[in-house]
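The values are calculated or read from the model by the stated rules, or taken from the named source; none is laboratory data. As the structure is a prediction and not an experimental result, all values here were calculated from the model. No Cβ is skipped: glycine too gets one built from the backbone with ideal geometry, and neighbour counts run over all protein chains shown.
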């Protein structure tokens with residue numbers, strides 16, 4: 001969850017051992033070039049247990065996340081006798097407020113999920129860099145460095161697209177992803193005409209922003225999977241330089257017009273009081289045909305005993321381009337070691353991060369988030385594994401469509417080329433305003449421009 005956390009949380013988000021699993025590789029020495037550990041203060045280091053590593057994980061109500069945590073903890077403690085991994089559970093959301101309070105009190109846990117806070121945490125000296133061999137040991141692609149350093153663990157390939165009820169879409173003769181947004185909208189019209197509920201949408205919480213943010217990522221930026229090119233500034237950089245605005249950009253105008261039309265027709269009554277949990281209930285229960293949401297929902301199909309056949313399709317373009325999946329997996333948004341890890345604890349915190357790639361742990365990580373693998377040196381792990389019919393079908397369909405349609409970074413380009421922290425919240429509020437009746441696109445995009453500028457000033 002943007003990823004998530006959420007997406008961010010979405011999104012920002014990240015994800016998911018067994019007694020027979022091969023041993024975790026021995027821990028590397030403390031990261032080269034790491035920031036000098038802070039002296040132990042009140043609530044830090046020894047005060048929290050000499051042989052305890054506190055780890056933030058957004059387990060919340062997710063069964064797959066709990067399984068991943070249990071396996072991760074077991075793998076670390078087996079490889080590091082006498083040491084304990086202690087869960088700091090921040091629930092179903094990102095931990096921004098929690099981190100703010102812990103930073104103020106000088107008591108950050110030793111290992112934390114960073115989500116979209118990596119840049120802020122690095123700039124303010126709260127996390128230490130990881131050595132390159134941390135990534136290469138497990139066959140992970142090196143993430144784009146930030147000021148020459150890399151800070152966060154990397155998971156699998158997490159993609160952003162839309163989940164569809166295969167049976168409902170097939171009933172109107174559509175068995176492949178629509179070629180563009182107009183075809184997609186026409187399909188929703190046909191679904192409505194035959195009495196089906198075309199779209200799952202809730203506006204109570206962060207997921208209100210999802211259709212807008214996903215489509216902005218897919219349409220405002222050129223399709224690319226590589227690192228940013230300095231001579232080709234993105235919309236993000238042009239916006240920061242005052243050379244572009246949402247209000248003046250024709251693509252942003254078209255995206256918002258399309259999204260307003262989408263929710264205006266199909267959001268239904270009461271969506272201002274519906275959120276992510278209500279969305280899961282409706283879509284998993286087969287009550288709607290489409291849910292624009294990250295691939296992590298595939299990890300919930302088995303725990304929720306979903307019987308409906310669910311396919312995962314790329315996002316349709318409003319610009320006449322081919323459909324595409326957006327991925328945030330090139331960003332450093334996983335776990336990082338904080339400066340609370342003093343002395344021997346820093347090496348053990350690194351061992352915690354290495355235990356993520358114990359084969360059984362990594363398998364559960366992929367299972368819980370329905371991610372495709374990117375760590376090529378983890379023995380026996382080739383992708384999410386399940387015998388649950390709906391979950392197995394979802395993974396197979398997603399893998400085939402990713403291969404066919406490809407991925408793009410959208411605005412998730414690098415820590416130096418990304419949206420302002422909290423901008424997705426502004427998109428959420430904008431969509432909530434739309435649902436109260438405001439449909440003046442230039443006015444709404446002007447408010448989005450102001451929110452962008454305000455977020456940059458408050459960093």
Practice problem: Could you tell me which of the residues 326, 352 is at pLDDT 95 or above, within 30 Å of residue 251 (Cβ to Cβ) and in contact with a helix residue (DSSP H, G or I) (Cβ under 9 Å, 6 or more places away or on another chain)? | Solution: 326
Quiz item: Out of the residues in region 377-392 that are surrounded by 16 or more Cβ atoms within 10 Å (Cβ to Cβ) and touching a helix residue (DSSP H, G or I) at 6+ places or on another chain (Cβ under 8 Å), which is farthest from residue 300 (Cα to Cα)?
Solution: 378
Quiz prompt | Where residue 374 falls short, out of the listed (1) at negative phi; (2) in contact with a helix residue (DSSP H, G or I) (Cβ under 9 Å, 6 or more places away or on another chain) | solution = (2)
Quiz item: Hey, among 108, 16, 87, which residue is in a loop (DSSP other than H, G, I, E, B), within 30 Å of residue 294 (Cα to Cα), touching a helix residue (DSSP H, G or I) at 6+ places or on another chain (Cβ under 7 Å) and at pLDDT 90 or above?
Solution: 108
Quiz prompt | Among residues of region 249-265, those that are over 17 Å from residue 430 (Cα atoms) and either in contact with a strand residue (DSSP E or B) (Cβ under 9 Å, 6 or more places away or on another chain) or exposed (fewer than 13 other Cβ atoms within 10 Å of the Cβ) (or both), counted | solution = 1
Practice problem: From (1) modelled with pLDDT of 90 or more; (2) surrounded by 14 or more Cβ atoms within 10 Å (Cβ to Cβ); (3) over 19 Å from the mean Cα position of the chain (by Cα), pick out the condition that doesn't hold for residue 38. | Solution: (1)
Self-check item: Whichever residue in region 167-188 is outside any loop (DSSP other than H, G, I, E, B) and touching a helix residue (DSSP H, G or I) at 6+ places or on another chain (Cβ under 8 Å) and, among such residues, is surrounded by the fewest Cβ atoms within 10 Å (Cβ to Cβ)
Solution: 185
Practice problem: Give the residues of region 292-310 that are in contact with a helix residue (DSSP H, G or I) (Cβ under 7 Å, 6 or more places away or on another chain) and either assigned to a loop (DSSP other than H, G, I, E, B) or more than 17 Å from residue 214 (Cβ to Cβ) (or both), sorted by residue number. | Solution: 299, 300, 301, 302, 303, 304, 306, 307, 308, 309, 310
Quiz item: Since residue 58 meets every condition but one in (1) at pLDDT 90 or above; (2) within 23 Å of residue 121 (Cα to Cα); (3) surrounded by 19 or more Cβ atoms within 10 Å (Cβ to Cβ), which condition does it not meet?
Solution: (1)
Quiz item: If only one of 406, 410 is within 26 Å of residue 156 (Cα to Cα), surrounded by 21 or more Cβ atoms within 10 Å (Cβ to Cβ), at pLDDT 95 or above and under 20 Å from the mean Cα position of the chain (by Cα), which one is it?
Solution: 410
Quiz item: Taking region 266-291 only, how many residues are in a helix (DSSP H, G or I) and buried (at least 21 other Cβ atoms within 10 Å of the Cβ)?
Solution: 5
Practice problem: Could you identify the single residue in 338, 333 that is buried (at least 22 other Cβ atoms within 10 Å of the Cβ), under 30 Å from residue 350 (Cα atoms), at pLDDT below 95 and in contact with a helix residue (DSSP H, G or I) (Cβ under 9 Å, 6 or more places away or on another chain)? | Solution: 333
Quiz item: Taking the stated definitions as given, is residue 308 surrounded by fewer than 24 Cβ atoms within 10 Å (Cβ to Cβ), within 22 Å of residue 56 (Cβ to Cβ) and modelled with pLDDT of 95 or more?
Solution: no
Quiz item: Within region 128-140, can one find any residue that is at negative phi and assigned to a strand (DSSP E or B)?
Solution: yes
